[in-house]
Each structure stands twice: as C-alpha cells, then as structure tokens.
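Trainee: Can you read through this structure? Questions will come right after.
The values are calculated or read from the model by the stated rules, or taken from the named source; none is laboratory data. Predicted model, so just to flag it, every value in this text is computed and none were measured. Cβ atoms come from the backbone with ideal geometry, glycine included; neighbour counts cover every protein chain shown. Ligands, DNA and RNA are excluded from the accessible area calculation, which covers all protein heavy atoms including side chains. Shrake-Rupley method; radii C 1.70, N 1.55, O 1.52, S 1.80 Å.
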Amino acid sequence: MKNFDFWIRRIHSLSGVIALGAFLLEHIFTVSTVMGGPANFDKSVAALAAMPFLVPIEIIAIGMPIAFHGILGVVYALKAKNNPLRYGYWNNWMFYLQRITAYIAFVFIIWHVWTLRIVGKAMGGHLIGYDFMHNVLSDPLTFGFYVIGLLSSVFHFTNGLFGFSITWGIVTGPRGQRVVSIATLALFVLISSVGLTALTHFVK
Amino acid sequence: MKKKIIVVGGGLSGLMATLKICEAGGEVELFSYCPVKRSHSLCAQGGMNACMDTKGENDSVHEHFDDTVYGGDFLADQTAIKGMCEAAPKLIKMFDRMGVTFTRTPEGLLDLRNFGGQKNKRTLFSGSTTGQQLLYALDEQVRAWEVKGAVKKYEFWEFIKIIKNKESVCRGIVAQDMNSMEVRAFRADTVILATGGPGMVFGRCTASTICNGSAVSAVYQQGALIGNPEFIQIHPTAIPGSDKNRLMSEACRGEGGRVWVYKDGKPWYFLEEMYPAYGNLVPRDVASRAIYDVCVNQKLGINGENKVYLDLSHIPADYLERKLGGILEIYTEFVGDDPRKVPMQIYPSVHYSMGGIWVDTKHNTNIPGLMASGECDYQYHGANRLGANSLLSAAYSGTVSGPEAMRWAKEGEKGSELTDEELAKAAKECREEYEAILKMNGTENAHELHHELGEVMNKYVTIERVNKDLDYCFDEVKKILKRWDNIGIVDKSNWANQEGMFARQLRNMIIYALVVTRAARMRDESRGAHYKREFPTRDDERFMKITVAEYDQATEEPKISYADFDHSLVKPRPRNYAVAKKE
Amino acid sequence: MAEIKKKVHFIIERQDGPNSQPYTEEFEVDYRPALNVVASLMEIQKNPVTKDGKKTTAVVWECNCLEKVCGACMMVINGKAQQACAALIDHLEQPIRLSPARTFPVIRDLAIDRSVMFESLKKIHGWVDVDGTWEVHNDAPRQNPKTATIAYEISRCMTCGCCMDACPNVNQSSEFIGPAPIAQAHLFNLHPIGEYQKEERLDALMEKGGLASCGNSQNCVQACPKDIKLTEYIAKLNRDTNKQALKSLFNK
C-alpha cells in the first residue's frame, strides 16, 4: 500500500486519541461515580455490564486499539535516544515523559486488565463492584501503583493531544502550539484530580 | 563514449561548469576537500552585479562593463569583461528560476542595492547571504544530475596534481581520500580547476580555512602560468580576529553605512571628505588605503589601535534587519556588540585574489587539457575587483569553462589516453611523497610555520608595499620554505591525517607566497590594489601589461615576465574616485 | 609582577577511527578576548601537548568558513550540538567538554560523517526542476515578498546537523530523516516553480522514516543555529501530507 508507514503512524496517533482517549475518559467517568457513593458506582458498573455485545465491543473497540497503540508505541519509543539532560527544554522533557508514562501505562494497563477483567471477573467469577475494588485498593502498594498508573495514563493522553494537534496540522505556529500545550496541561490537572479523588473514595 | 571531465572544486564556478557539462552530455567527476555545499562561495555576502535597470536609473550593460574596467584600473581583458557583463542579467534570471531567494521589492520583483565603485543600483542580493543562496541553488541542480548519474562526487578528496600524457597534455589527476588516505589516479578528457583563492597564504584573512591556493600552486609547479599574482584585494571592512578576519559586507556601506574616526574630538567622515563623488562607496582598494593612512600614518585609529568605525546606527533598525540582517548577526555573534546601536569597529583585511592561473578568454590554461575557472583564475578583475563582481565572475566563468571543456574533450588535440602504467606511476609518486612527509621528524610545527608565513605576508605584501620590504619578505619566505624541510609530523596515523595533508598544502602555500611577493616587487607603479608610495601613480607605459609568473624548477622561484592583453574597447584614463567617473 | 595568564580548560573526547574506543584528553589554551572553540583547537594544533605535558596528535575536526555559514564545524560543546566557530569561550562553562555529534558516525575525533543529510536532500527532491541553465527568454514568476522572506529563512539552512543531533528520534537505529531535510522540502514547495513537484516531495516525506516519525520533542527549533522555525514547517507539512494522503486514498 502507498504511504503504508505513514498511515500506520497516523492510525497510531488516531487510535491514541479516538479509541483510547475516549475510553479513558469514559472509564474515569464511570469510576468517578463512586464519589456519589458505593451504590452509585455499582449501578454504573452494572449498567455497563448489561450492554449488549459487551465482550466483542471490549475486544474490538478497546482491547485491539490498546494492543495496537501500545505495542507499536513501545517499538517506536525504544528507537528514541532520549536526551533531556543535554537538551533540557520543556518540550523535550514532555517528549521524554510521554515515553516514560507510555511504558508505565503499558504495564499498568496489562496488569489492571489481567487482575480485574481476566483473573478477577472472567476466571474468578468475581463481580466487579465497590466491595471488590475496596479490597483491591486497600493494599497500600496496589493503591500506590494505581495512583501512578492513573497519572501516567492521563498524562500520556493529555500530552498526546498536544502531539496530536501538530501531527494533524491543526496548530502550526509557535503561539498556537503554546496555547495547546497549556490547555493540555490544564486538562491533565483536571482529569487526574477527578481520577485521584475517585480513587480515594474506594478506600474511605 | 561519454566524455569525462574532472572538475576540482565545488564552489560557484565548479558547480556551474559541472551543470554545463552535464547538459552537453558529458560526465563529471567532481572533487572537493569538503562537501561542495560548504564551499567558500557561500561566504560572499553582499550580492551579485547585473544590469537589470529596474530602479529608473538608466543603467546599462555598458556602464557595468565600464565600471568594471575602470575599477580594475584597466588591467583586465576587456573582451572577457564585456562577455561577463552581457551575460550577467541572464545569469540572474537563471538563478531566479532555480529558486534563489533573492530579496524582492514590494511588488515581487528582484530588488537592487548600491555597491562600491558604481553609481547605479546594480547589485542583486539575497538578504546578506547571497553567496550561500547562489551556491545552494547550483548545489541543488548538481544534486539532481547526481541522481541522474551524470555526476560522481568525490567529497573529502584532496587534489594533489595533474597528470600529463607523453604529448604533455593534461589527461588526469591524482587525488587523495582525506579519510582513508588512499592516493588514486583518475583519467579525464579535460580537467577544470575551480579551487578558489589563496587567502590562507596570508594566514588571517576573510577566506575560509580551505582557501589555501594549494591546487593552484601545485599546477604552477607543473608548468601552469600565473597571471597578476600581486593583485590581492584588501577588503576595507573586516572584523579583526585572531582566528580569522570576518568580513563585514560592503553592503553596509551600500545601505548607508559611514566610515569615521575621531579627529580633534569630533567624528571625521574621512572617506566622504576625501572622495566627495563616491563617498563611502569608493572601491575597496581606495577605502582600504584611506583607512590604512588614517590609522598608520595619521595615528587616528580607535584608541590608537588599527581600527576605524563603520557606523550604521543612524539607520532605522527595521530597515537594517530587512537588508542586512544576517551580517549584523555575525558582528553581534563574534564581537558581542549590536551594530544597530553602536558603530562597528573594523579594519582592512586580505580578501580576494584578482590574480591566479593565467587563462585565455575560454579559460584554457597554457597546459593543454587543463582549464581554470573562478577565483583561481586571473580573468575579469584586473588590478582590483569591484564588490559583487566576484559571484558574477565565478558563475560566469563556469558557463564558459564548462562548454569549453566539452569542446576540448570532443575536438581538442588530446593525444593519447593515459595508460594504466602511467596512472599507477603518478599515484605511486604522490603516495611516496606523502609517505615521506609522514616520516618527517624535524622540530618545526607546520601550523606554527604557517602562522609565521601569514604574519610576514600580511605585514609586507598587503596595502602599502615598499621595495626593500618586499626584498626582505621574499628572503623571509624563502627561509620559511627551507624550514619546511625541518617539519616534524607527530601524527603518523593512516586515517584522516589532517596534519600530513596540511604539511603538503603548506609547502604549496609557501611557493605561492614567493610568486605574490616577487610579482609585487617587480611592478614599480601603483595600480588598483597594488600600491607603492615610491611609485604612487599608474605607469601605463611600462606596466599596462599582465604579470606572468613561471615556475623555475631549479630555484623554486618564479620567473616574471609581462604580456600584452586585450584593451581594445575603452582607452585607459586616470582613475579618480574624488570626482564622478567620466568616460 | 608577572600577570598570571588566564587559561581555558578543555576536555576533549577523542577517537582514532570509526571503530576505535573513545578516550578523553585534556588541554589548556591561553585565554584571550573573543576566543572561540575553533580558535582554541587551532592553538592546540600549533602545540599539541596535553594539560599534563604529554605530547599528542592534534585534534581532528572539520571547519571552513568560521563565520557560521558553512555548517562544517558542528560538534557537541558542553552537551549541546553547535557551531564551534561561534561558540565563544566567554559564554561557556569550564571545563569545556568537546565531543563528536554521535548521532552521526564518527570519522576521527570530532569529525563526523554527515553524508546521510546530503542523501536525504536527494530523497526529498531538494531542487527546482528547471529545464536547463540556458536562457528561456522568459522571466521567472514574481514572488510575494512575504513568502520569499520565509523561503529565505529556510534556505539559510547550512546542513550542519545540530537539529539532527538534538532530535531524539534521529539516531543510527532509526530511519527518521530528521528536521533539516523536512524543512527543505517545504522550501521548495513554497517556490512557484518548485511547487510543481510538491506531490513528489510530500510522497517522499510519507515514506518509512519520513515526517510521521517526528515525535514533537521540538529540540530542533531550539538547536537550530539559524533560528529556522523548523517545528512550524513540520506542522505545516503535517497538514499538507495528511491532505495528500487522504486524497490519494480516495481519488486513486
């Protein structure tokens, strides 16, 4: 196919924002319903679980894009010679953090899906709900890992939006790029505080 | 079979010749010390002259021609200059089509600026990096031919010498890979040298470190004649530096820059006072001498040092940015002051060699099959070059030498092709010479010796020349040549050995320094860039002749003779920039 | 009382050949005002003796113009790739550390092999297709002086490779073509005749290792000694390539 490599890279970018980004937002939204109380959370989880064709949707719309974006992304990231100590510019640190958070998110997501969705629900037959999550997160180590995983995922998404806006030629000039940079940072603060607050509600 | 031309040097002239050869169906092997895109042509800042007459001044090609002849103090071949001036506007259009980013007028046409030695706006420019832009345009076009397979580049290869066949026709060269140090001989139908000027002979100058004239000296030692070597242009406005003197473009004066020093506590605009007709825009030799006089004889230099002010601070900053941005950056970068706010401090520096390998109007040297093109030849500028004529002569000479090289390749009496044995022999000789250099174990350091050569040449063979000093200088240079034999080479490596190569270049530089010094000693008059207080006027009777230098194998010194040249178009008249030029 | 001469201290990473092990040597050079790194290396050439008095070979590096227009003398100075001729000692922290820009293969000491950059100019069709150098009895098209100013900015690129060394995505294990040639593609696309080959250039940028491998670290724009707005042109080309990719997806 003509422009094959180009398209793969572009789909990589698209999958990050459209599939993963959208799912991340939805996921944090669902989780944040815990702030309305355990029952509220259980209700939203149950509503999701009642969706028709849940497993195919999970595999096609979430699992596959994550695997595509994640595996390809790691291959790309491993080729970089990171140099923020030599070139300590803001954007270079962001570039570096984007890759570090990618590795963390990659491991975190695999572990997260493995322990909850596969070992917990599919194999263990547990019902994913407040009680189950309360148990899981009561372990301080696990909680810590969740905090890091959450922050990494959110950072990777919001900072990814900055790259996305340039990759798709949405902003070109330095001023436009700076505005986007600040906006994505604000978004990071917003989403991660929602997520972190939600997390603390599971261990109250 | 396709004709194969070797072009040595990938500056403006070499690349232009290359393009012409490719277009004529030839194949080029292009040799250069450096990636051709880094050739010294890119240092030309101010612009390129061509009569475009788009400023309502009734400029004409004849006026350009006459300015050039007059500026060169009537020592240049007039038919050659006429051809160049006529071709200039066409060359500009060619460069424009190739995408040179010329600075434009608000209506999108090519802008023109003033330059020294001309009363009309005739200088096309691309910001303040015109040479860079012109070189890149040709580099790009040559790259396109390289993709098509017509050009093979040998970058980081040093030219060592030409190879003649048994009929004494140049049929190839020996060159050395600067990384692997491999010495190899190459066959060719014609060889064009486009190796630039010999600035490094003077140590500190405005030239790049690669402009050592080594190739010119090498072919001179193989019998090529040198023309007018004593005419060395001193650029009046350079930033003095310990590693090099950085050029401050004549465009500064073209855009309104004024030269002054304090006299009796008040600014003295001495060029404007001495030369009311041209003011700050007198030609380079005149300006350099005035600055030299003010500093050395009148002791009025800034703080008693050899420096004067070049002042742009009265010109609006945005105008300066648009017209001179790049060069002002150079000053800020290398000196630390902002020329938009404070006057720059400058002093004359060796800049360009009008002289070089003797060629006919088609750029053939006296050695059949060997041509020379660009600053390394002696054509077009006579006793002094006008600013912005160098890019023109470089590009134009390539448009002449390229086609002529093809003509020679097809029709010339080339004699026999070099045999494998001849090639092997030539390569072996050069390899042995090089290996002998590597074995040198004396006490002299080649770079230190080069420094001394530059000091003595700068002191005695630049702005003002005195016969007894020139005699002294010649002896000093000969001593340096002798001391060369006592060089010690520390680096014995067989990989990217710069020290070994430099020692070889240095010997060629010293030999060339003798040529310049002797020729200067012999010319007892003042003409263009060559000035002797003992002989302050031009002596057309004795010296309206080209200096021709021939190498004498036995003494390693030049034999000087004088030759007539074509000055049939305009009659010589006194050159006086205090009044407007009269024809 | 004799004034103590101020010295400049250099730690230079040396390497005898492409496959040799790097090692460091230290040198001291007499200070003088406006001294720069190339001038210091020239002093070492005149007297190649290390700080400890050991005789050694002169350092090998590449330089031509010393005016920051030829691009030859790029090396890594105190961690950052830059032109050595324009690196004034007064602006550098001592000891001054020099090393070759290892993004490129090292030839010897500080000299590196940047031929990949010139090869890239072939890939991106870095020229205007003129019929020939002969006269065509026709003026080149006029140009909007504003566009011409942008073109001038980009055409000052001296292929020095600072942006390439600074870019984390340009290295010997990646195919990324790097910022400099990408910006050059934009330069020729801006030209009224050069634009005729815009499609070919964009196609070249969409090949493996092309524009899409840019990771937006934006080091290039910071590292560029000519202040070329590389990231802006990369973003513009992103827009152009996206358009063209979509077009060729649906129209062909």
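Trainee: Applying the selection to region B:327-346, what residues are open to solvent by 20 Å² or more (accessible area, probe 1.4 Å) and within 14 Å of chain C (Cβ to nearest Cβ)?
Mentor: B:GLU329, B:THR332, B:GLU333, B:VAL335, B:GLY336, B:ASP337, B:GLN345, listed by residue number.
Trainee: Another question about this same structure. Could you check region A:65-96 and list, in sequence order, the residues that are over 17 Å from A:SER152 (Cβ atoms), at the interface with chain C (Cβ under 7 Å from one of its Cβ atoms) and not in a loop (DSSP other than H, G, I, E, B)?
Mentor: Correct list: A:ASN91, A:ASN92.
Trainee: Determine whether B:GLY326 is under 21 Å from the mean Cα position of the chain (by Cα) and in contact (Cβ under 8 Å) with a residue 60 or more places away in the chain.
Mentor: no
Trainee: Okay, next question. Which one of the conditions (1) buried (at least 17 other Cβ atoms within 10 Å of the Cβ); (2) more than 10 Å from every other protein chain (Cβ to nearest Cβ) does C:ALA151 fail to meet, given that it meets all the rest?
Mentor: (2)
Trainee: Quick check on region C:32-50: of everything there that is surrounded by 15 or more Cβ atoms within 10 Å (Cβ to Cβ) and in a loop (DSSP other than H, G, I, E, B), which residue is farthest from the other protein chains (Cβ to nearest Cβ)?
Mentor: Step by step, filter region C:32-50, then rank; the result is C:THR50.
Trainee: Can you tell me how many residues within region B:287-326 are within 12 Å of chain C (Cβ to nearest Cβ) and either at pLDDT 90 or above or closer than 25 Å to C:ASP90 by Cβ (or both)?
Mentor: Of the residues in that region, 2 qualify.
Trainee: Turning to a different aspect of this structure: Output the number of residues of region C:54-102 satisfying the condition of being among the hydrophobic types (A, V, I, L, M, F, W, C), more than 14 Å from chain B (Cβ to nearest Cβ) and closer than 14 Å to C:ASP165 by Cβ.
Mentor: 6
Trainee: A follow-up question, please. In region B:19-34, what residues are under 25 Å from C:ASP131 (Cα atoms) and either at the interface with another protein chain (Cβ under 9 Å from one of its Cβ atoms) or touching a Leu at 6+ places or on another chain (Cβ under 6 Å) (or both)?
Mentor: B:LEU19, B:LYS20, B:GLU23
Trainee: Just name the residue that is nearest to the other protein chains (Cβ to nearest Cβ) out of those in region B:437-471 that are in a loop (DSSP other than H, G, I, E, B), surrounded by fewer than 16 Cβ atoms within 10 Å (Cβ to Cβ) and touching a strand residue (DSSP E or B) at 6+ places or on another chain (Cβ under 8 Å).
Mentor: Per the stated criteria, the residue is B:THR443.
Trainee: Just a yes or no: is a residue in region B:45-67 open to solvent by 10 Å² or more (accessible area, probe 1.4 Å) and under 17 Å from B:LEU193 (Cα atoms)?
Mentor: No, every residue in region B:45-67 fails to be open to solvent by 10 Å² or more (accessible area, probe 1.4 Å) and under 17 Å from B:LEU193 (Cα atoms).
Trainee: Something else now. Could you list all residues from region B:535-583 that are exposed (fewer than 13 other Cβ atoms within 10 Å of the Cβ) and of a type in the set (Asp, Glu)?
Mentor: Passing the criteria: B:GLU541, B:ASP552, B:ASP564, B:GLU583.
Trainee: Quick one: which residue in B:VAL191, B:VAL201 is assigned to a strand (DSSP E or B) and either open to solvent by 10 Å² or more (accessible area, probe 1.4 Å) or out of contact with any Pro (no Cβ under 8 Å at 6 or more places or on another chain) (or both)?
Mentor: B:VAL191
Trainee: Those residues that are closer than 17 Å to C:LYS68 by Cα, touching a Leu at 6+ places or on another chain (Cβ under 9 Å) and aliphatic (A, V, I, L, M), I need them from region B:324-354; list them, please.
Mentor: Passing the criteria: B:LEU324, B:ILE327, B:LEU328, B:ILE330.
Trainee: Okay, moving on. For the condition crowded, with 24+ Cβ neighbours inside 10 Å, modelled with pLDDT of 95 or more and part of a strand (DSSP E or B), what is the one hit in B:SER401, B:SER393, B:SER349?
Mentor: After ruling out the rest, the residue left standing is B:SER349.
Conditions (1) open to solvent by 10 Å² or more (accessible area, probe 1.4 Å); (2) closer than 23 Å to B:LEU328 by Cα; (3) of a type outside the set (D, E, K, R); (4) over 14 Å from the mean Cα position of the chain (by Cα), marked per residue:
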site: C:CYS65; (1), (2), (3), (4): no, yes, yes, yes
site: C:GLY71; (1), (2), (3), (4): no, yes, yes, no
site: C:MET75; (1), (2), (3), (4): no, no, yes, no
site: C:LYS80; (1), (2), (3), (4): yes, no, no, no
site: C:ALA84; (1), (2), (3), (4): no, yes, yes, no
site: C:ASP90; (1), (2), (3), (4): yes, yes, no, yes
site: C:GLU93; (1), (2), (3), (4): yes, no, no, yes
site: C:LEU98; (1), (2), (3), (4): no, no, yes, yes
site: C:ARG102; (1), (2), (3), (4): yes, no, no, no
